[in-house]
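Enquirer: Attaching a single structure in structure tokens format; questions to follow.
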There are 2 protein chains.
Amino acid sequence: MPLFIVRHQHAPETCPAADPDHGADLLNHLSRPNVRKHGVTMRAEAVVRGEHTVYLIVEAAGQDQVLDFMAPFALAGSLDVYPASTCAGVVSRGGCGASDAPEDDAMPALDPEEACQQAIEDGLVVHRAHPLNGEISIPDLIGGIVMPNARFYIRNHFQIPKLDRETWRLRVHGLVDNPLSLSWRDIANLPAQSRLVTLECAGNGRSTMEPKTSGEQWNLGAVSTAEWTGVPLLEVLQRAGVQPSAQHIVFRGADSGLVDGHSSPVLFERSLSIDEARFSETLLAYAMNGEALPLQHGFPLRVIVPSWYAVASVKWLTEIEVIDRPFEAFYQTERYYIDHQVDGRVEREPVRLQRVRSLITEPAPHSSVERGELVVRGVAWSGAAPIAGVKVKLNEGPWLEARLLGDRKRHSWQWWELLTRVEVPGNCVIRARAADLDGRVQPESPEWNHFGYCNNALRPVHVVVR
Amino acid sequence: MPLFIVRHQHAPETCPAADPDHGADLLNHLSRPNVRKHGVTMRAEAVVRGEHTVYLIVEAAGQDQVLDFMAPFALAGSLDVYPASTCAGVVSRGGCGASDAPEDDAMPALDPEEACQQAIEDGLVVHRAHPLNGEISIPDLIGGIVMPNARFYIRNHFQIPKLDRETWRLRVHGLVDNPLSLSWRDIANLPAQSRLVTLECAGNGRSTMEPKTSGEQWNLGAVSTAEWTGVPLLEVLQRAGVQPSAQHIVFRGADSGLVDGHSSPVLFERSLSIDEARFSETLLAYAMNGEALPLQHGFPLRVIVPSWYAVASVKWLTEIEVIDRPFEAFYQTERYYIDHQVDGRVEREPVRLQRVRSLITEPAPHSSVERGELVVRGVAWSGAAPIAGVKVKLNEGPWLEARLLGDRKRHSWQWWELLTRVEVPGNCVIRARAADLDGRVQPESPEWNHFGYCNNALRPVHVVVR
């Protein structure tokens, strides 16, 4: 968008900022949501000390939008608006006096520099800038089921599409009676649901697999919980009218790119069987913790398959296709499976439900704790069933039953805590072990597999008792 | 960090951007990592079209850092550096000409400029910069029970204390067997609970009271919901050992200041009766939506009295005192009550439980909607009981029953939605009316009272059908 420099000056005796009500009005006028309503983006504003002169650097479609937005300032004094460009723009065009360069027509995407900078400022541990992958810092978790959107882990395979909600469509086609092309408004007009769902990357914990496997070396923080709001998948399928021959539902995102072993770009696409789609409480989500989905989490619409590893929860959803056979695609059949040796043969088990797991959030690894009262806290979850209990063990002591906080959760993690005492100074190893209501228990060590998926082994935390 | 406006001009014939090498040097000089090396933060930069003039808005520890960083530009032409501040800073100080507010040595406080700027950037509608009061924008609510901390409404009576968690103590004294002085660590070592609680300012909706009353003119957005994590009040009282003669529990915050009619500063302090403390599920909260309490919401510890108007939920808690008589204090007995005329006498009813209320979040007031499908959505809550139902009426049509989303909530708002149709173009007035399980129903018009509290009247939303 074109850039402008704006200058406003007023007389000291009529300084609007000296009147609390007028001042507050101007501040609200400058607030981001209000600025946006005028089709303007504020880059920065500054008032010269003691001179009653304000400079703004803004973006807008044109000078008229800027003049319209600045009208309250024009009433209070003088106003000058100068068309401008960035230094990079000037240099790339060949000087301050040269004219504009043409726009890039390729798929609009979030600026990787900007996205990465934001993730770092929000406190994520960034593994890779492009595609952007970052995990949460476990000791930063303090109670609460949901996590702030800015601190939710980020997992991308390609660049982050920047879709326009006004022109975006969700196509529903294949074996359906009424193929659909739904606008954003159509989706918003369908019945809404909100669900608390924990998403976990199938590669979470990969960094402790021995021998090392390829793939992002996630520690433990590729997991987060949010309250997702959207339309139940079944509402959309019902309107489309799924035909009796249908077997699988394919979800296609707007993200794509080159991968090893393929000469042309692959799409990010995944499928669920009809029964999985029917019984998984899958949501097509447009909001995350009460805010529109952030770009990096799939704006404007993403799939949320509760209790599954997050690979199933396709972001930037643009297409649902109903087919009569199992789906084959790179992220469906060439990745996200575990090889098992069965009677000398290799059998592939696709990555589906999240395995039972606990994390210790407190105390922090390698911290020192005082002798006396000690609290061990954390979260636990399992895709197959609610958490039955969490046991905690200090050094070679007995397994102690932790207290589960709040009601049992079906699709999201559950907090637990153990109030205990440590009396002996020195090293202390704390272990936590979760079990679910279907009898699954966290293993002592990970089941190694080629791509390093589904590592739900115990992860001891070492502290020093002073 | 101090803010500066920088202006650089050069002659057209020596335009550095016209020389590719010199131009690239300047761009690299302006890159974020390089800027940061000079101890400078770039807020924005813009070159005036055709004028060979660059403006930068930057932050730096001092003017010397800016001059040092700008040296390559000074070589290419002129350079002017002006000390500046943000618009929020100017308004919170009382005008462009006013000087910095003096620091208060007694009580470190959050910089009002910084706090106000943050609130504005986060999208709050700011009513006053100092003390900072801001409400949420209702049409920005999209599903989800909790709201992001940054978008939670802010209500202050005085400046915002900036307490140090390491030296902070919670004193528990008065009629107790074991007076306590609890450190942050002591509090963290007690059993934790998380609760979803809606807080609402007693003055929410005051702006529609006729005749006008004094006090912040809140529209409808002085209400928000969070998941609070902390220690049940009863855990602390149990450890202190409340004596049989105890009648009331006083909560004292660290905030204080001058109020009308009092010559010396008053403290922010409130009380609950022993029974209210026992049965209200009151929490001493240190986390909000999984993050440490933000400064403006009471860091490090605040009271959360579920279902009560938020005045009871004392922030920056430093003291709990147990007494044997009703408590008298400015915010307990001189404010936050409603006058009733009973048999010619005036009776004061203290502000306690939130009255039953609904908000329409969608469609937005004064928006235009298309003929055909229409969704009306919103939230509803009542301090006395869960919401029984919400009815919606379009123009003079019948009251239609909306659908409640999710489980019934005890202490937090509940989403509802009505999927309907509008066929007639023109003005449409949408009304929503909530009822709770104890039979309370929202009134058509507010009960006027001197301070403008507890206005839970219907609030029609006007839209235009195209």
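Enquirer: Would you confirm, using the coordinates I've provided, whether B:Glu59 is of a type in the set (Asp, Glu), within 11 Å of chain A (Cβ to nearest Cβ) and touching a residue at least 24 places away in the same chain (Cβ under 8 Å)?
Expert: yes
Enquirer: Next question. Of all the residues that make up the stretch B:308-332, how many are over 20 Å from B:Arg171 (Cβ atoms) and surrounded by fewer than 22 Cβ atoms within 10 Å (Cβ to Cβ)?
Expert: Count: 3.
Enquirer: Would you pick out the residues in the stretch A:4-23 that are touching a helix residue (DSSP H, G or I) at 6+ places or on another chain (Cβ under 9 Å), crowded, with 22+ Cβ neighbours inside 10 Å and facing chain B (nearest Cβ under 7 Å)?
Expert: A:Ala17, A:Gly23
Enquirer: If you don't mind, there's one more thing I want to ask. Residue under question is A:Val375, and the condition is that it be under 24 Å from B:Glu291 (Cβ atoms), assigned to a strand (DSSP E or B), in contact (Cβ under 8 Å) with a residue 24 or more places away in the chain and within 12 Å of another protein chain (Cβ to nearest Cβ); does it hold?
Expert: The answer is yes for A:Val375.
Enquirer: Hey, among B:Arg278, B:Arg270, B:Arg302, B:Arg335, which residue is crowded, with 21+ Cβ neighbours inside 10 Å, assigned by TED's automatic domain parsing to the domain that holds B:Arg165 and in contact with a helix residue (DSSP H, G or I) (Cβ under 9 Å, 6 or more places away or on another chain)?
Expert: Testing whether each residue is crowded, with 21+ Cβ neighbours inside 10 Å, assigned by TED's automatic domain parsing to the domain that holds B:Arg165 and in contact with a helix residue (DSSP H, G or I) (Cβ under 9 Å, 6 or more places away or on another chain) leaves just B:Arg270.
Residue-by-condition table, conditions (1) on the phi > 0 side of the Ramachandran plot; (2) modelled with pLDDT under 95:
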| position | (1), (2) |
| --- | --- |
| B:Ile274 | no, no |
| B:Arg278 | no, yes |
| B:Tyr337 | no, yes |
| B:Asp343 | yes, yes |
| B:Glu347 | no, yes |
| B:Pro363 | no, no |
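Enquirer: Looking at the stretch A:125-147, which of its residues are open to solvent by 40 Å² or more (accessible area, probe 1.4 Å) and not in a strand (DSSP E or B)?
Expert: A:His130, A:Pro139, A:Asp140, A:Ile142
Enquirer: Please return the ranges of strands (runs of 3 or more DSSP E) entirely within the stretch A:241-349 where 1 or more residues are over 20 Å from A:Ala188 (Cα atoms) and either more than 14 Å from chain B (Cβ to nearest Cβ) or touching a residue at least 24 places away in the same chain (Cβ under 8 Å) (or both).
Expert: A:248-257, A:266-273, A:317-323, A:337-342
Enquirer: Quick one: which residue in A:Leu132, A:Leu170 is touching a residue at least 40 places away in the same chain (Cβ under 8 Å), within 26 Å of A:Leu284 (Cα to Cα), more than 11 Å from chain B (Cβ to nearest Cβ) and more than 16 Å from the chain's Cα centre (by Cα)?
Expert: Of A:Leu132, A:Leu170, the one residue that is touching a residue at least 40 places away in the same chain (Cβ under 8 Å), within 26 Å of A:Leu284 (Cα to Cα), more than 11 Å from chain B (Cβ to nearest Cβ) and more than 16 Å from the chain's Cα centre (by Cα) is A:Leu170.
Enquirer: Another question, if that's okay. How about the stretch B:378-401: which of its residues are of a type in the set (A, V, I, L, M) and either assigned to a strand (DSSP E or B) or open to solvent by 10 Å² or more (accessible area, probe 1.4 Å) (or both)?
Expert: Scanning the stretch B:378-401 gives B:Val379, B:Ala380, B:Ala384, B:Ile387, B:Ala388, B:Val390, B:Val392, B:Leu394, B:Leu400.
Residues are listed down the side, and each one gets a yes or a no for (1) on the phi < 0 side of the Ramachandran plot; (2) modelled with pLDDT of 95 or more; (3) in contact with a Ser or Thr (Cβ under 6 Å, 6 or more places away or on another chain):
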residue	(1), (2), (3)
B:Arg128	yes, no, no
B:Asn149	yes, no, no
B:Trp168	yes, yes, no
B:Thr198	yes, yes, yes
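Enquirer: Across the stretch B:62-82, what is the number of residues that are modelled with pLDDT under 90 and open to solvent by 50 Å² or more (accessible area, probe 1.4 Å)?
Expert: 1
Enquirer: Another one. Which residues, taken from the stretch A:169-186, are assigned to a loop (DSSP other than H, G, I, E, B) and touching a helix residue (DSSP H, G or I) at 6+ places or on another chain (Cβ under 6 Å)?
Expert: The one that is assigned to a loop (DSSP other than H, G, I, E, B) and touching a helix residue (DSSP H, G or I) at 6+ places or on another chain (Cβ under 6 Å): A:Asn178.
Enquirer: Among (1) within 7 Å of chain A (Cβ to nearest Cβ); (2) buried (at least 22 other Cβ atoms within 10 Å of the Cβ), which single condition is B:Leu30 missing?
Expert: The single condition B:Leu30 does not satisfy is (2).
Enquirer: Could you identify the single residue in B:Ile120, B:Ile187, B:Ile160 that is buried (at least 20 other Cβ atoms within 10 Å of the Cβ), farther than 30 Å from B:Ala246 by Cβ and in the same structural domain as B:Arg302 (by TED's automatic domain parsing)?
Expert: Being buried (at least 20 other Cβ atoms within 10 Å of the Cβ), farther than 30 Å from B:Ala246 by Cβ and in the same structural domain as B:Arg302 (by TED's automatic domain parsing) holds for just one of B:Ile120, B:Ile187, B:Ile160, which is B:Ile160.
Enquirer: Next up: Every residue in the stretch B:242-267 that is within 13 Å of B:Ile320 (Cα to Cα) and open to solvent by less than 50 Å² (accessible area, probe 1.4 Å), please.
Expert: B:Ala246, B:His248, B:Ile249, B:Val250, B:Phe251, B:Arg252, B:Gly253, B:Ala254
The values are calculated or read from the model by the stated rules, or taken from the named source; none is laboratory data. Here the structure is a predicted model, which means the values were calculated and not measured. Using ideal geometry, Cβ is built from the backbone for each residue, glycine included, and neighbour counts are taken over all protein chains shown. Side chains are part of the model used for accessible areas, which takes the heavy atoms of the whole protein and leaves out ligands, DNA and RNA. Shrake-Rupley method; radii C 1.70, N 1.55, O 1.52, S 1.80 Å.
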